[in-house]
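To start, the structure under review is shown below, and the notes come after it.
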Amino acid sequence: MNLMLDPLTHDIMPGSQITRVSGAQYVAQLVKCRLLTFLGEWELDRNIGAPWYGVLERHYDISATRLAVKNIIETTSGVLVLDSLDLQADNRARQLSIQFTAKTIHGGISEVVKI
């Protein structure tokens, strides 16, 4: 069990709104946090995160990006199987939309993450 993050800002919700999250909802939040972390961003472990700087540039390899995203999701604690994965890149907005469904040890999850 962990603290629920605000769905828009991804920060801990202050005050009386602090809520615990567990089960499939926790696994979905964990996947989302891992996908939103840029490689090298966390000072305590520079190896954590996704190589988004290369992906968000104008020229990138969508196959390599898909493989990186797939690896992050499948290696998240609690994820059993990645059922579907769809990537939509918007080069002008420099945004990547990741939509996935997966089976976890607590049941199914379905998420959309925008990088």
Next on the checklist: Report every pair of residues separated by at least 6 positions or lying on different chains whose Cβ atoms are under 6 Å apart, first residue within the stretch 22-49 and more than 12 Å from Ser77 (Cα to Cα) and without any contact (Cβ under 8 Å) to a residue 40 or more places away in the chain, second open to solvent by 80 Å² or more (accessible area, probe 1.4 Å) and not aliphatic (A, V, I, L, M).
Outcome noted: Gly40/Arg46; Ile48/Trp42; Gly49/Glu41
Item to check | Residue check, Leu87 more than 20 Å from Leu3 (Cβ to Cβ) and open to solvent by less than 30 Å² (accessible area, probe 1.4 Å) | outcome: yes
Next on the checklist: Which residue is surrounded by the fewest Cβ atoms within 10 Å (Cβ to Cβ), if the candidates are limited to the stretch 51-76 and must be of a type outside the set (Lys, Arg), modelled with pLDDT of 85 or more and in contact with a Leu (Cβ under 8 Å, 6 or more places away or on another chain)?
Outcome noted: Glu74
Checklist entry - Is there any pair with a first residue in the stretch 69-81 that is in contact (Cβ under 8 Å) with a residue 12 or more places away in the chain and a second that is β-branched (Val, Ile, Thr) and surrounded by fewer than 16 Cβ atoms within 10 Å (Cβ to Cβ) whose Cβ atoms are under 6 Å apart and which are 6 or more apart or on different chains, and what are they? => result Gly78/Ile105
Checklist entry - Counting only residues that are surrounded by 13 or more Cβ atoms within 10 Å (Cβ to Cβ) and out of contact with any Gly (no Cβ under 6 Å at 6 or more places or on another chain), how many does the stretch 95-106 have? => result 8
Next on the checklist: Name the residue that is farthest from the chain's Cα centre (by Cα), counting only residues in the stretch 17-32 that are at pLDDT 90 or above and of a type in the set (A, V, I, L, M, F, W, C).
Outcome noted: Ala24
Next on the checklist: For the structure I just gave you, tell me whether Arg20 is closer than 21 Å to Leu3 by Cα, surrounded by 14 or more Cβ atoms within 10 Å (Cβ to Cβ) and basic (Lys, Arg).
Outcome noted: no
Checklist outcome for this item: Of the candidates Glu41, Glu111, Glu74, the one satisfying the condition of being of a type in the set (D, E, K, R) and within 18 Å of Pro7 (Cα to Cα) is Glu111
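The values are calculated or read from the model by the stated rules, or taken from the named source; none is laboratory data. Treat the numbers as computed from the prediction; the structure is a model and nothing was measured. Counting neighbours? That spans all protein chains shown, and the Cβs are built from the backbone with ideal geometry, glycine included. With ligands, DNA and RNA removed, areas are computed over all heavy atoms of the protein, side chains included. Shrake-Rupley method; radii C 1.70, N 1.55, O 1.52, S 1.80 Å.
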